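Below you'll find the structure, written out as structure tokens, and then a few comments.
Please treat every number below as a calculation from the coordinates, not as lab data. As the structure is a prediction and not an experimental result, all values here were calculated from the model. Virtual Cβ from ideal backbone geometry, glycine too; neighbours counted across all protein chains shown.
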Protein chains: 2
Amino acid sequence: MTFANVGMLGTKPGRRDALVAILLRPKPGLREAGCLLYEVGVNEDVPDAVFVSELWESAEAHQASLQLDSTRAAIDEAMPLLSGETAGHRFTVLGSPLR
Amino acid sequence: MTFANVGMLGTKPGRRDALVAILLRPKPGLREAGCLLYEVGVNEDVPDAVFVSELWESAEAHQASLQLDSTRAAIDEAMPLLSGETAGHRFTVLGSPLR
């Protein structure tokens with residue numbers, strides 16, 4: 001079942017764009033790990049936050065991806081930028097009115 | 001700029017699956033209105049809620065889609081099912097590590 005992870009990562013003041021750069025960097029093995037979609041963005045009304053919308057082949061694929069070297073390196077690099085505030089949702093995709 | 005709308009719609013008790021059915025119904029004109037992605041799902045840990053992850057060609061395309069006959073009919077049908085609780089995020093997509 002396709003798994004969705006959507007939400008917000010708060011950053012320390014002024015560190016948003018640095019986090020965006022880390023998240024946008026191509027990550028070897030990400031697609032092969034089952035990542036179907038990984039959109040990264042911002043909202044000018046929420047200046048110290050980065051938003052993501054991810055789709056994965058399964059919840060297990062998402063969980064396993066956290067052990068990829070490229071993911072672990074990104075997490076290590078991102079951690080000092082984060083405020084600790086997060087929000088979001090995880091859900092099982094049932095379908096789409098476009099399909 | 002691609003626009004993302006992600007979040008949760010709370011439903012009255014037991015009305016989740018009825019809302020899912022409305023959201024999943026094919027909607028004439030949705031793709032032509034600029035809808036790139038519209039995933040609908042659930043989370044068994046949050047029983048009275050439906051989750052969506054949408055991508056649109058622009059924020060304006062999303063706004064204009066609310067006037068489509070198919071969208072207006074779905075909103076009218078869905079309103080009695082909703083609890084009024086909503087949560088989510090809107091953001092401008094900057095890119096993806098998959099591209």
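In this structure, B:Ser83 does satisfy being touching a residue at least 24 places away in the same chain (Cβ under 8 Å) and touching a Lys or Arg at 6+ places or on another chain (Cβ under 7 Å). Listed by position, the helices (runs of 4 or more DSSP H) contained in chain B that have at least 3 residues being under 18 Å from A:Arg99 (Cα atoms) and more than 8 Å from every other protein chain (Cβ to nearest Cβ) are B:16-24, B:69-78.
Here's the yes/no breakdown for (1) of a type in the set (Phe, Trp, Tyr); (2) within 20 Å of A:Asp45 (Cβ to Cβ):
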site: B:Pro26; (1), (2): no, no
site: B:Asp48; (1), (2): no, no
site: B:Trp56; (1), (2): yes, yes
site: B:Ala64; (1), (2): no, no
site: B:Met79; (1), (2): no, no
site: B:Glu85; (1), (2): no, no
site: B:His89; (1), (2): no, yes
site: B:Leu98; (1), (2): no, no
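Here A:Ala49 meets each of (1) surrounded by 14 or more Cβ atoms within 10 Å (Cβ to Cβ); (2) out of contact with any Lys or Arg (no Cβ under 9 Å at 6 or more places or on another chain); (3) hydrophobic (A, V, I, L, M, F, W, C) with one exception, condition (2). Of the set (1) surrounded by fewer than 19 Cβ atoms within 10 Å (Cβ to Cβ); (2) within 13 Å of the chain's Cα centre (by Cα); (3) not polar (S, T, N, Q), all apply to A:Phe3 but (1). Looking across the range A:86-99, the residues that are in contact (Cβ under 8 Å) with a residue 40 or more places away in the chain and either of a type outside the set (A, V, I, L, M, F, W, C) or crowded, with 16+ Cβ neighbours inside 10 Å (or both) come down to A:Thr86, A:Gly88, A:His89, A:Arg90, A:Phe91, A:Thr92, A:Val93.
Within the option set B:Glu57, B:Glu32, B:Glu39, being among the charged types (D, E, K, R), over 19 Å from B:Met79 (Cα atoms) and crowded, with 21+ Cβ neighbours inside 10 Å holds for one residue only, B:Glu39.
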